[in-house]
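The values are calculated or read from the model by the stated rules, or taken from the named source; none is laboratory data. Quick caveat: nothing in here was measured; it's all calculated off a predicted structure. Heads up, the Cβs are rebuilt from the backbone with ideal geometry, glycines too, and the neighbour counts pull from every protein chain shown.
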Amino acid sequence: MDGILATEGQAVRASRTENGGAEPDAPAMGPTWQQAMRKAIRDPETLCAELGLPASLASGAQAGAAEFPLFAPLEYVARMTPGDRDDPLLRQVLPLAQEGEKRPGFAADPLAEQAASLKPGLLQKYAGRALLVTTGACAIHCRYCFRRHFPYGSVPHSLDAWSDTLAYLRQHESIDEVLLSGGDPLSLVDELLARLVEAIAAIPHVQRIRVHTRFPIVIPQRITERLIATFRDCRPTCWFVVHVNHPQELDRPTLASLGRLIDAGIPVLNQAVLLRGVNDSVDVLEALCRRLVDQRIQPYYLHQLDRVQGAGHFEVDEATGLQLVAQLRERLPGYAVPQYVREIPAAASKTPLPIAGTEPIP
């Protein structure tokens, strides 16, 4: 499948120029983002050995990995603390045997996305906005991912296969914003991604394109000059929404890549998920929000965990979440506090979880 990057063991195709060379802005030193995908750790034993963790931890992870494979780029693993089995980044990617436990209220499709599907790979949950599931490939496999059971085999795998979806967008003038999601849309090589963006931008009533991605966080070299140009020079306004849960994820290369997007005039927002053992502390959340706003990144949403099957051990009760956000409001200026929300299937929007005595910020 040209232009689609798989996260299984097969080779990852590099983007090619017309003369057959690699991407012109590929760094001379260090791995390209495609090479980083190939070198990512896919086995719990390898991950534990890399971090000096006991083999018993890896053996317990195999059952979870059989259900939802481990996939962790070395760039991300390098930010973990060796020997710390409770490292907040490790916790996000290491499978656990308890992922197989059946918990009441948890489901394979917690947001009822199949009911919101208009065409293969096209969802519309909210008025005026449509979401394209562009690929099943990701830069990393987050253990709490609400799409870990999504039927990605039905997603179009070429620009021609998107023709019906693009026709639908052209026919429905009420849709003025298109979200590129996945998987991760930046798993598409630059050429194919640019062609898809150009096709969307050619629809007159589309005024905004929003890219939801984890790539700048886990494989920052993905932010190539060609990628930046695609969104900088696009007629619709382009926004990036990234996903950072813990300040430890924001190392120097990551912040540099995010800064390049912002310097190019592309606004960057952050969505985090409230996760037990990762960021369920006011000190961690405060440090995350401060680091984001210091780098010109807007804390956008703090999500209550989507109750996807296999992720129950990450859930923080809502009362604790409300208390944490109330404490953040005491410590931070309003623009630095994300809105605490839950997504409810078939609701007209994300549902704000208001702090006692305050009104939710629109």
Original post:
Is at least one residue of segment 163-178 part of a helix (DSSP H, G or I), free of Cβ contacts under 8 Å to residues at least 60 places away in the same chain, in the same structural domain as I200 (by TED's automatic domain parsing) and acidic (D, E)?
Top reply: yes
Original post:
Of the numbered conditions (1) surrounded by 15 or more Cβ atoms within 10 Å (Cβ to Cβ); (2) at pLDDT 95 or above; (3) not assigned by TED's automatic domain parsing to the domain that holds S281, R129 satisfies every one except a single condition; which is it?
Top reply: (3)
**OP:** Would you point out which residue out of I223, I219 is out of contact with any strand residue (DSSP E or B) (no Cβ under 9 Å at 6 or more places or on another chain), without any contact (Cβ under 8 Å) to a residue 60 or more places away in the chain and under 26 Å from L90 (Cβ atoms)?
**Re:** I223
Original post:
Applying the selection to segment 334-353, what residues are outside any helix (DSSP H, G or I), on the phi < 0 side of the Ramachandran plot and in contact (Cβ under 8 Å) with a residue 24 or more places away in the chain?
Top reply: V337, P338, Q339, Y340, V341, R342, E343, P345, A348, S349, K350, L353
Subject >> Residue under evaluation Q309, criteria (1) over 21 Å from V93 (Cβ atoms); (2) crowded, with 18+ Cβ neighbours inside 10 Å; (3) not basic (K, R), criterion not met >> reply: (1)
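Quick grid of which residues meet (1) in contact (Cβ under 8 Å) with a residue 12 or more places away in the chain; (2) among the hydrophobic types (A, V, I, L, M, F, W, C); (3) under 24 Å from V284 (Cβ atoms); (4) surrounded by 14 or more Cβ atoms within 10 Å (Cβ to Cβ):
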site: L53; (1), (2), (3), (4): yes, yes, yes, yes
site: A65; (1), (2), (3), (4): yes, yes, no, yes
site: F71; (1), (2), (3), (4): yes, yes, no, yes
site: G83; (1), (2), (3), (4): yes, no, yes, no
**OP:** Sort through T237, T320 and tell me the only one that's within 28 Å of A107 (Cβ to Cβ), surrounded by fewer than 17 Cβ atoms within 10 Å (Cβ to Cβ) and at pLDDT 95 or above.
**Re:** T320
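With the requirement that a residue be free of Cβ contacts under 8 Å to residues at least 40 places away in the same chain, out of contact with any Cys (no Cβ under 7 Å at 6 or more places or on another chain) and within 30 Å of F150 (Cβ to Cβ), what does segment 283-318 give you? Walk me through it before giving the result.
To start, the set of residues in segment 283-318 that are free of Cβ contacts under 8 Å to residues at least 40 places away in the same chain comprises 283, 294, 296, 298-299, 302, 315, 317-318.
Now drop any that are not out of contact with any Cys (no Cβ under 7 Å at 6 or more places or on another chain), which leaves 283, 294, 296, 298, 302, 315, 317-318.
Q298, L302, E315, D317, E318 - these are the residues of segment 283-318 that are free of Cβ contacts under 8 Å to residues at least 40 places away in the same chain, out of contact with any Cys (no Cβ under 7 Å at 6 or more places or on another chain) and within 30 Å of F150 (Cβ to Cβ).
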Subject >> The listed residue being surrounded by fewer than 14 Cβ atoms within 10 Å (Cβ to Cβ), among the hydrophobic types (A, V, I, L, M, F, W, C) and at pLDDT 95 or above, out of A78, A22, A11, A36 >> reply: A78
Subject >> Every residue from segment 60-96 that is charged (D, E, K, R) and touching a Ser or Thr at 6+ places or on another chain (Cβ under 7 Å) >> reply: D87
